[in-house]
1. Under the classification rounded if a/c is under 1.5, otherwise prolate if a/b is larger than b/c and oblate if not, where does the stretch 1-60 fall, given a ≥ b ≥ c as square roots of the Cα gyration tensor eigenvalues?
2. First check a/c for the stretch 59-112, with a ≥ b ≥ c the square roots of the eigenvalues of its C-alpha gyration tensor; if it is under 1.5, answer rounded, and if not, answer prolate when a/b is larger than b/c or oblate otherwise.
3. Would you mind checking the tilt of helix 132-141 against the longest principal axis of the Cα atoms of the chain, expressed as 0 to 90 degrees and rounded to 10?
4. If packing is taken as the average number of other Cβ atoms within 10 Å across a peptide's residues, how do 164-172, 51-59 rank, most packed first?
5. Working out 0.36 nm times the residue gap between residue 18 and residue 121, then minus their Cα-Cα distance, what length gain in nm do you get to one decimal?
6. Any idea how far apart residue 29 and residue 111 come out in nm if each label point goes 7 Å out from Cα toward Cβ?
7. Angle, helix 102-111 long axis vs. longest principal axis of the chain, Cα atoms, 0 to 90°, nearest 10?
8. So if R0 is 45 Å, what FRET efficiency would residue 5 and residue 42 give, r being the distance between their Cβ atoms, rounded to the nearest 0.05?
């Protein structure tokens, strides 16, 4: 519901400044911003700095090593599957999962159009918020837009003297002074 009176605005700003002063700054100098931080995977990373490898196909399908081993194992008995045909044409014998060695896995993956690439998992900062409460509320209300592993991250606004000045002015106007920590 929109604020319609000066008194409602003053009350909201007093509550806001109290939240700003009392929220956990996570040992970061104030003023601060909270960001939504989303997991992000970067592909085609050099193996020296990669967090791991994955197998990717022409149509965007992706398999971890375990998933690819499982697919090879399951399809190795499925006459007519692409994997079965690749196994047969290369004369590979798979009688147990232990037969799926690195060499076999790579040969079958290449035969079915999968490429092994390195990846690095990182976090991407999105959507700044002035309070952690607002950031967490946003995540809860919009979780369908975010991947698993989304969280909040705090960062100092030291390159933004306007935010400090804004908090100081708001604090003076509503009688809840900004407490720099």
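We did not get these values from a lab; they are worked out from the coordinates using the rules stated. Not measured: the values here are computed from a predicted model. Reconstructed Cβ throughout: ideal geometry from the backbone, glycine too, with neighbour counts over all protein chains shown.
1. Working: a/c = 6.95, a/b = 2.50, b/c = 2.78.
It comes out oblate by the Cα gyration axes.
2. rounded
3. With both axes taken from Cα atoms, the answer is about 50 degrees.
4. Values: 164-172: 15.3, 51-59: 13.8.
Top of the packing list down: 164-172, 51-59.
5. Details: separation 103, 0.36 × 103 = 37.08 nm, distance 3.66 nm.
Net length gain for the segment: 33.4 nm.
6. Each label point lies 7 Å from its Cα, and together they span 6.2 nm.
7. Tilt of helix 102-111: around 90 degrees.
8. Working: r = 50 Å, r/R0 = 1.10.
Computed FRET efficiency for residue 5 and residue 42: 0.35.
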